[in-house]
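One structure below.
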Amino acid sequence: MVTGRQVRRLMQLMETGEKLMVAALKTGMDEKTARKCIRAVKPCVANPPADAYKGIAPPAVALDSDVTSSLKSNPKASAGSTKR
């Protein structure tokens, strides 16, 4: 069983650039267990699931046409400067 303290220490060591094997040994874990803990704490978000926007439009599509046209005509405009 892995304690929360071990996981926190493992994450600290990994953030400082410690190798997985060394960080696992310093926290009293097996390398395989440490790898599982890291995956559980930091899930991969590089490839979000296909249904991440299920039911809502992605942010780029959700812009109103008048906001989109004003941003195209004035590319230096900020979102706060466009009037509705």
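Read the figures in this text as sums done on the coordinates, not as results from a lab. The structure presented is a predicted model; accordingly, all values stated were derived computationally and were not measured. Cβ: placed from backbone, ideal geometry, glycine included. Neighbour counts: every protein chain shown.
Efficiency by 1/(1 + (r/R0)^6): what FRET value for T3 and S69, r their Cβ-Cβ distance, R0 = 41 Å, to the nearest 0.05? Spell out each step's value before the answer.
On the way: r = 57 Å, r/R0 = 1.39.
After rounding, the FRET efficiency stands at 0.10.
Give a residue-ordered list of calculated ³J(HN,Hα) values for the stretch 31-40 (Karplus: 6.51 cos²θ - 1.76 cosθ + 1.60, θ = phi - 60°; whole Hz; x for Gly, Pro).
4, 5, 5, 4, 4, 5, 5, 5, 5, 6
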